[in-house]
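These notes are about the structure you will find just below.
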Amino acid sequence: MTRAIPILMYHQIDAMPPAGTPFRHLTVTPAAFAAQMRWMHRLGYRGLSMRDLQPYLSGERRGQVFGITFDDGYLNVLRHALPVLRDVGFSATNYVVANRVGGTNDWDAAHGIRQVPLMSADELRQWAEAGQEIGSHTTDHVDLTRQEPEQARAQIAGSRQRLQALTGQPVDAFCFPYGRYDERHAELAREAGYRTATTIQRGRARAGDDAWQLPRITVDGTAGLAAFLAQLLTPYEDWRAGWQRFKRARPHRHG
């Protein structure tokens, strides 16, 4: 059996918002993030960006590795996560919304989520110059399933072109906003030149999986270290993913 490759999904690395804040669990405190990375380092694992993870996903290499991804391009990730990544020698991918560079997460406003700064072009270059990867999260953080085909193509391919021009770095990793996509969007990501695309499907990746529909593990900032390690190091996420697929496939019965 091929080795499981966990790909972690983070958003913000910052002080925990007050109880009752929408999507509070998507914030991980700096102390918790540092503990997670240092424990994985002690256990002999290497945290890798999607770029560095590719040889393992294709089956060319084997080893104790896991992927690290951040959605949206928050400035607090640069401030709080980068020093830890440097300290343990890990790399990570930050999925950036091309038209919001230097702005805020305004797409979250309707959900009552606080507006916080995103990285500027200069800060993105700092991230890249530190050996970290910049990926794309579309041009405007849209739900691709609500876009006309040409609009979806522009969001996927246009964001890659814009970010490459902005940073002078290759942009080879893509992430579907809200995790909403279909087979057509995965094909558009492949056609646009991305080498990988990640989703919010649960589970751990394995060599030979579809590179443009890779599952990830959501890191819950309200859970403890033991839960984090169980998600990465045991079949827990695979079991949950299988159970969810079973429930979706199971026919509805009416009494």
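The values are calculated or read from the model by the stated rules, or taken from the named source; none is laboratory data. Keep in mind that what you see is a predicted model, and the values were worked out from it rather than measured. Every residue, glycine as well, gets a Cβ built from its backbone with ideal geometry; the counts of neighbours run over all protein chains shown. The area values use the complete protein model at the heavy-atom level, side chains included, leaving out ligands, DNA and RNA. Shrake-Rupley method; radii C 1.70, N 1.55, O 1.52, S 1.80 Å.
At-a-glance table
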read-out	value
Cα-Cα separations in the range 9-98 greater than 19 Å, expressed as whole percent	42
Ranked by how many other beta carbons lie within 10 Å on average, peptides 192-199, 110-117 from highest	192-199, 110-117
Gain in span if fully extended, residue 236 to residue 182, counting 0.36 nm per residue against the direct Cα distance	16.9 nm
In nm, spacing of pseudo-spin labels at residue 110 and residue 191 (7 Å Cα→C-beta vector)	2.7
Cα centroid separation - the range 63-126 against the range 214-236, whole Å	20
FRET efficiency, 1/(1 + (r/R0)^6) with R0 25 Å, evaluated for residue 120 and residue 23 via beta carbons	0.55
Shape parameters for the chain, alpha-carbon atoms, Rg then Dmax in Å	17.5, 61
With DNA, RNA and ligands ignored, accessible area of residue 163 (1.4 Å probe; Å², nearest 10)	0
Residue 91 accessible area, 1.4 Å probe, all protein chains in place, Å² to nearest 10	10
Expected-Rg normalisation [2.2 N^0.38 Å, Cα atoms] applied to the range 189-233	1.41
Difference of contour (0.36 nm per residue) and Cα-Cα distance, residue 129 to residue 223	30.6 nm
Percent of C-alpha pairs per 5 Å bin, the range 1-151, short to long	2, 9, 17, 20, 19, 15, 11, 5, 2, 0
Modelled FRET efficiency - R0 30 Å, residue 88 with residue 161, Cβ distances, 0.05 increments	0.35
Residue order for 187, 148 - accessible surface, 1.4 angstrom probe, largest first	148, 187
